[in-house]
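All remarks here apply to the structure that follows.
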Number of protein chains: 2
Amino acid sequence: MANRKTLSGGSAAFHGTRHAHARCVGRALGRAEELCRQRGARLTYMRRRVLELIWDSHKAVKAYDLLDRLSDSEKSVRPPTVYRALEFLMVHGLVHRVDSLNAFVGCSGSDEQHNAQFLICQECGEVSEMDGAMIGQAVARQAAEAGFNVRRQMVELHGECPGCAAK
Amino acid sequence: MANRKTLSGGSAAFHGTRHAHARCVGRALGRAEELCRQRGARLTYMRRRVLELIWDSHKAVKAYDLLDRLSDSEKSVRPPTVYRALEFLMVHGLVHRVDSLNAFVGCSGSDEQHNAQFLICQECGEVSEMDGAMIGQAVARQAAEAGFNVRRQMVELHGECPGCAAK
DNA sequence: CTGGAAATGTTACTTTATAACAATGCATTT
DNA sequence: AAATGCATTGTTATAAAGTAACATTTCCAG
């Protein structure tokens with residue numbers, strides 16, 4: 001209620017190039033810290049680093065891009081390190097894997113709900129997380145009709161975001 | 001109308017172990033032939049072979065499993081061969097890629113509609129294609145609310161199929 | 001039966017991800 | 001502080017998934 005930028009039921013936000021992105025990052029890191037504290041999980045240097053890099057944009061990031069960005073001429077970070085950090089962040093609901101892209105995005109949903117859908121712009125690459133209640137319901141209902149018990153739903157919609165449509 | 005086994009709007013079929021699977025295969029190959037004839041596309045030996053192997057079960061099949069099955073001690077088939085056959089079959093709507101599994105299933109939908117959703121059983125691995133009209137609508141509507149223009153939708157639901165639930 | 005396009009073969013490589021074990025860090029008990 | 005033990009990260013190697021580029025073959029139209 002307090003924060004008009006928080007995603008709420010049925011809406012999704014695209015950000016475009018110019019927005020106060022530091023706030024997005026700040027919010028995400030804040031939430032991560034809070035959540036880990038509550039759960040007694042350790043948000044280590046590496047995990048925080050990876051989370052920051054993922055939140056560097058609203059696009060989905062490839063694991064090996066993270067790897068490159070984490071490595072400098074001195075010291076190269078290896079795949080397992082990144083995948084382990086990603087694993088941790090996913091388990092705690094701080095990032096999502098976008099299966100249709102083999103890539104990762106920061107979770108911008110609110111704490112507990114997790115029937116997220118992803119809107120993926122084919123032009124600019126931005127990914128927006130949406131909590132589409134209607135979609136969730138339709139999925140649940142139609143699966144039930146088929147006698148199927150849904151445990152995890154993946155909905156990834158590729159198309160054109162409002163910003164890119166405007167051009 | 002004539003064929004009660006054909007999937008129709010809003011329903012999905014799971015097959016379990018005992019069913020007249022030769023019919024599924026026959027139907028799929030028949031459709032493939034028909035469709036290629038209509039379009040002047042060539043259903044070559046390799047493409048037909050791959051399609052048959054995919055229809056060997058109702059599970060999603062990995063490209064490299066196809067590769068193994070296509071190779072014998074004499075002659076090994078290489079990745080591009082399989083991926084090219086898969087590409088062809090996908091372009092013509094004869095198989096689908098299941099992104100969340102990096103695997104492929106035969107298309108059991110009717111000819112032209114293509115808003116398919118996949119129900120994937122985590123126990124037995126069977127994949128069932130569903131044409132959930134409600135889901136499609138909900139997706140379209142909620143994306144539209146967000147100003148997003150959907151070009152391709154990917155809906156993959158992991159859970160428990162009726163057969164496995166019964167056990 | 002031949003010229004050209006489509007299909008397949010072949011080699012090499014890229015991208016994505018994980019297994020297995022070693023070393024280090026860090027928190028708690030003694 | 002030393003000892004214990006588990007969580008985290010480092011390291012090496014390899015698996016799994018997919019593609020680029022060019023050579024060869026197939027096959028159909030003329």
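Every number here is computed from the coordinates shown, using simple stated rules; none is lab data. Keep in mind the model is a prediction, meaning the values are calculated, not measured. So basically every Cβ, Gly included, is an ideal-geometry build from the backbone, and we count neighbours across all protein chains shown.
For helix B:45-54, report the angle its Cα long axis makes with the longest principal axis of the Cα atoms of chain B; keep it between 0 and 90° and round to the nearest 10°. So the inclination is approximately 50 degrees.
For the protein assembly as shown, the 222 nm mean residue ellipticity estimated from helices alone, with every DSSP H stretch of n ≥ 4 adding -39500 (n - 2.57) and the total spread over all residues, rounds to -12500 deg cm²/dmol.
Between A:GLU34 and B:ASP65, how high is the FRET efficiency from 1/(1 + (r/R0)^6) when r is the Cβ-Cβ distance and R₀ = 51 Å? Nearest 0.05. Computed FRET efficiency for A:GLU34 and B:ASP65: 0.70.
Compared with the dominant principal axis of the Cα atoms in chain A, helix A:21-39 is inclined by about 90°. Computed over the Cα atoms of the range A:21-166, the ratio of the radius of gyration to the Kirkwood radius (Rg/Rh) comes to 1.00.
For peptide B:156-166, the mean count of partner chain Cβ atoms within 10 Å of a residue's Cβ comes to 5.
Summarising the strand pairing of the range A:21-166, around 65 percent of its internal DSSP beta bridges are antiparallel.
Between helix B:133-145 and chain B there is an angle of about 70 degrees, using the helix long axis and the longest principal axis of the Cα atoms. Computed from the C-beta positions of B:VAL25 and A:GLN122 and an R0 of 41 Å, the FRET efficiency is 0.70 to the nearest 0.05. Across the range B:35-167, the relative contact order, built from alpha-carbon pairs under 8 Å that are at least six residues apart, equals 21 percent. Distance between the C-alpha centres of the range B:140-167 and the range A:91-108: 17 Å, rounded to the whole angstrom.
Remark: mean inter-chain Cβ contacts per residue of A:125-137 equal 3, using a 10 Å Cβ-Cβ cutoff to other protein chain atoms. Farthest toward the positive end of the dipole of chain A, out of A:CYS161, A:MET130, A:THR81, is the Cα of A:THR81, where the dipole comes from beta carbon charges about the Cα centre. Distance distribution P(r), the protein assembly as shown, all Cα-Cα pairs, bin width 10 angstrom from 0: 5, 22, 29, 25, 14, 5, 0 percent. Per-residue mean of foreign Cβ neighbours for B:117-123 is 4 (Cβ atoms of other chains, 10 Å radius).
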